[in-house]
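Q: Quick one: the structure is below, questions incoming.
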Amino acid sequence: MGVMMLAWANSSMIQQQMEIESVFNTQMNKINEDLIFENIWFDTTSPPNRLNVTMTNSGILGLNVTEIHVTENNNEKSIFPFTNIGIPKSDSFSVNVLYDWNSNDDLEILVLTERGNQFITQVIAP
């Protein structure tokens, strides 16, 4: 009976150790993500107006962008979901989003990553 209890306790401890290691690795990967907004370009070449968002991954890991939210004057207006925007470390990526902005709009751009990080910037439309 004692041997069975020892084996059960050992397997339970190994399982808990694996769970703790998984949570630790997930959180460390999340900490190591970093995204910089290089440029927000307001495109007026064809109606409707568009935004071009250029981002650089300055972290030590690759990351995946899952959504871009555009908020105008503190009212969320548009959510743009993405499924395949992977940005390797030290690489940049530009994306056009169809957002019909107006001059002097105060815009907040929020980028969400697959690991759950949020990166935000604010711009004023020309």
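The values are calculated or read from the model by the stated rules, or taken from the named source; none is laboratory data. Computed from a prediction, not measured in an experiment: that's the story for all the values here. Glycine also receives a Cβ, built like all others from the backbone with ideal geometry; neighbour counts cover every protein chain displayed.
Q: Can you work out which of the residues in region 25-44 that are closer than 21 Å to SER94 by Cα and modelled with pLDDT under 90 is nearest to the chain's Cα centre (by Cα)? Break it down into steps so the answer makes sense when it comes.
A: Of all residues in region 25-44, those closer than 21 Å to SER94 by Cα come to 33-44.
Going one step further and asking which of them are modelled with pLDDT under 90, we end up with 43-44.
Values: ASP43: 23, THR44: 27 Å.
The selected residue is ASP43.
Q: Let me ask something else about it. Given (1) within 17 Å of the chain's Cα centre (by Cα); (2) in a loop (DSSP other than H, G, I, E, B), where does THR83 come up short, assuming only one miss?
A: Every listed condition holds for THR83 apart from (2).
Q: Here's another thing I want to ask about it. Pick from GLU114, GLU108: which is free of Cβ contacts under 8 Å to residues at least 60 places away in the same chain, surrounded by 12 or more Cβ atoms within 10 Å (Cβ to Cβ) and more than 22 Å from PHE42 (Cα to Cα)? I'd like the intermediate steps shown before the answer.
A: Numbers: GLU108 fails: more than 22 Å from PHE42 (Cα to Cα).
Within the list GLU114, GLU108, the selection yields GLU114.
Q: Could you say which residue among GLU33, GLU67, GLU21, GLU38 is part of a loop (DSSP other than H, G, I, E, B), on the phi < 0 side of the Ramachandran plot and not aliphatic (A, V, I, L, M)? Spell out how you get there, then give the answer.
A: On the way: GLU67 fails: part of a loop (DSSP other than H, G, I, E, B); GLU21 fails: part of a loop (DSSP other than H, G, I, E, B); GLU38 fails: part of a loop (DSSP other than H, G, I, E, B).
Result of the check over GLU33, GLU67, GLU21, GLU38: GLU33.
Q: Would you please name the residue that is surrounded by the most Cβ atoms within 10 Å (Cβ to Cβ), looking only at residues in region 91-105 that are assigned to a loop (DSSP other than H, G, I, E, B) and of a type outside the set (A, V, I, L, M, F, W, C)? Can you show your working first?
A: Keep residues of region 91-105 that are assigned to a loop (DSSP other than H, G, I, E, B), which gives 91, 99-105.
This time we only want the ones that are of a type outside the set (A, V, I, L, M, F, W, C), so: 91, 99-100, 102-105.
Values: ASP91: 13, TYR99: 22, ASP100: 12, ASN102: 8, SER103: 10, ASN104: 9, ASP105: 18.
Out of the qualifying residues, it is TYR99.
Q: Evaluate the following for GLU19: is it over 12 Å from the mean Cα position of the chain (by Cα) and not assigned by TED's automatic domain parsing to the domain that holds ASP100?
A: Working: over 12 Å from the mean Cα position of the chain (by Cα): yes; not assigned by TED's automatic domain parsing to the domain that holds ASP100: yes.
Spelling it out, GLU19 is indeed over 12 Å from the mean Cα position of the chain (by Cα) and not assigned by TED's automatic domain parsing to the domain that holds ASP100.
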